[in-house]
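Here's the structure, in structure tokens; my notes come after.
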Amino acid sequence: MKTEIVEKRKIKFKDGVLITGLPGIGLIGQVVGRYLVEELKAKKVANLYSHHFPHQVFMTKKGGLRLIKNSFYEYRDGKNEFLILVGDVQAMSSIGQYEVVDYILDYAKKVGVTRIMSVGGYSTGKISEERRVFAVTTHKEMLSGFKKHGVIFGEAKGSIVGVAGLLPAIGKLRGFKGVCLMGETHGGYVDTASARNIVKLLSSYFQIPVDLKRLDQKAKESEKMLKRIEEEIQKSMVAPFESPKGVSYIR
């Protein structure tokens, strides 16, 4: 097997939007993609398999097994046409990343996608109360619409690794308009709170009916866990400088 897309059924959009939700920093993209698929009851239309994915298979609860994959889902509501990409992993090498992105763009073009909105995380290395959403875009005319929803352009620095950056960047060369949305995150933990902000943003931007209750609950649980971790880290940093109980340095 090499890289291939296996279609379950044929679809065609007039002005489709590809939203990516693959694993990355803070697993923000993956959380966003899977939540949108579940809440919008999107229907699977194709699977992507690749020899650039890890050489393993998943065992299922029913005693079967399946290949690692990325999957495409379709959602339409009269105003919007979404192709949502979610998946287990990303390709493990640079060559694999470029090859898989080419296949994704080929399929997106084939089904009538015109815009790409990739989702990822922006690591700050610290746990922040406020989870801002940063973004970069391939076309200036896309700035104003997102800025109205509080998205910050021009402040994120560095590079974007993987599909979240390659898809809109290579997509521009092939006629797509693209935005990469990045949720602010520590980077070392699954950040449900940051993912929630992006789901809320997309819901507002496209005016789609997404219930945030389940994500709100997960975000609260995630925040409690992160605060406990932060407290433990602070204690471990202070402990070496504290005097043992009952011991005096004045002799």
Note to self: Restricting to region 61-95, count the residues that are of a type in the set (V, I, T) and touching a Lys or Arg at 6+ places or on another chain (Cβ under 8 Å).
What the structure shows: 1
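Out of K41, K10, which single residue is out of contact with any Phe, Trp or Tyr (no Cβ under 7 Å at 6 or more places or on another chain) and farther than 27 Å from L201 by Cα?
Going through K41, K10 in turn, the sole match is K10.
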Margin query: Please verify whether R66 is within 23 Å of V199 (Cβ to Cβ) and not in a loop (DSSP other than H, G, I, E, B), treating the condition exactly as stated.
Written below: no
Check: Within region 197-219, can you find the residues that are in contact (Cβ under 8 Å) with a residue 24 or more places away in the chain, surrounded by 14 or more Cβ atoms within 10 Å (Cβ to Cβ) and closer than 20 Å to S118 by Cα?
Finding: N197, I198, V199, L201, L202, Y205, F206, I208, V210, L215
Notebook entry, point to check: Tell me, which residue of region 147-168 that is in a loop (DSSP other than H, G, I, E, B) and touching a Phe, Trp or Tyr at 6+ places or on another chain (Cβ under 7 Å) is surrounded by the most Cβ atoms within 10 Å (Cβ to Cβ)?
Noted result: A156
Notebook entry, point to check: Considering only region 14-26, how many residues are outside any loop (DSSP other than H, G, I, E, B) and either modelled with pLDDT of 95 or more or over 18 Å from M117 (Cβ atoms) (or both)?
Noted result: 5
Checklist line | Lone qualifier among K2, K62, K44, K79 - being modelled with pLDDT under 95, touching a Ser or Thr at 6+ places or on another chain (Cβ under 8 Å) and not polar (S, T, N, Q) | finding: K2
Note to self: If I ask for residues that are of a type in the set (V, I, T), closer than 17 Å to G145 by Cβ and assigned to a helix (DSSP H, G or I), which ones from region 179-215 would you list?
What the structure shows: I198
Checklist line | region 134-156 residues that are closer than 19 Å to G29 by Cα, paired with ones that are part of a loop (DSSP other than H, G, I, E, B) (beta carbon under 7 Å, 6 or more apart) | finding: F134/E155; F134/A156; A135/V151; V136/A156; I152/R132
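For every residue, the table says whether it meets (1) in a strand (DSSP E or B); (2) touching a strand residue (DSSP E or B) at 6+ places or on another chain (Cβ under 8 Å).
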residue: R9; (1), (2): no, yes
residue: K12; (1), (2): no, no
residue: I28; (1), (2): no, yes
residue: V31; (1), (2): no, yes
residue: V37; (1), (2): no, yes
residue: N47; (1), (2): yes, yes
residue: K62; (1), (2): no, no
Checklist line | Of all residues making up region 101-125, the number that are at pLDDT below 95 and out of contact with any Gly (no Cβ under 9 Å at 6 or more places or on another chain) | finding: 0
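Any idea how many residues of region 81-113 are among the polar types (S, T, N, Q) and surrounded by fewer than 17 Cβ atoms within 10 Å (Cβ to Cβ)?
Going through region 81-113 one residue at a time, the tally reaches 2.
Considering only region 44-60, I want to know if a residue exists there that is of a type in the set (G, A, S), surrounded by 19 or more Cβ atoms within 10 Å (Cβ to Cβ) and free of Cβ contacts under 8 Å to residues at least 60 places away in the same chain.
So far as region 44-60 goes, yes, one or more of its residues are of a type in the set (G, A, S), surrounded by 19 or more Cβ atoms within 10 Å (Cβ to Cβ) and free of Cβ contacts under 8 Å to residues at least 60 places away in the same chain.
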Next item on the list: May I ask you to list the residues in region 186-203 that are closer than 18 Å to A42 by Cα and of a type in the set (G, A, S)?
Entry: S203
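So that you can scan it fast, the table gives a plain yes or no per residue for (1) part of a strand (DSSP E or B); (2) of a type in the set (G, A, S):
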{"residue": "L85", "(1), (2)": "yes, no"}
{"residue": "Q90", "(1), (2)": "no, no"}
{"residue": "G96", "(1), (2)": "no, yes"}
{"residue": "V100", "(1), (2)": "no, no"}
{"residue": "D106", "(1), (2)": "no, no"}
{"residue": "K109", "(1), (2)": "no, no"}
{"residue": "G125", "(1), (2)": "no, yes"}
Note to self: Please go through region 128-146 and give me each residue that is buried (at least 17 other Cβ atoms within 10 Å of the Cβ) and either assigned to a loop (DSSP other than H, G, I, E, B) or among the polar types (S, T, N, Q) (or both), ordered by number.
What the structure shows: R131, R132, T137, T138
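The values are calculated or read from the model by the stated rules, or taken from the named source; none is laboratory data. The model shown is predicted, which means the values in this text are computed figures rather than measured ones. Note that each Cβ is placed from the backbone with ideal geometry, even for glycine, and that neighbours are counted across all protein chains shown.
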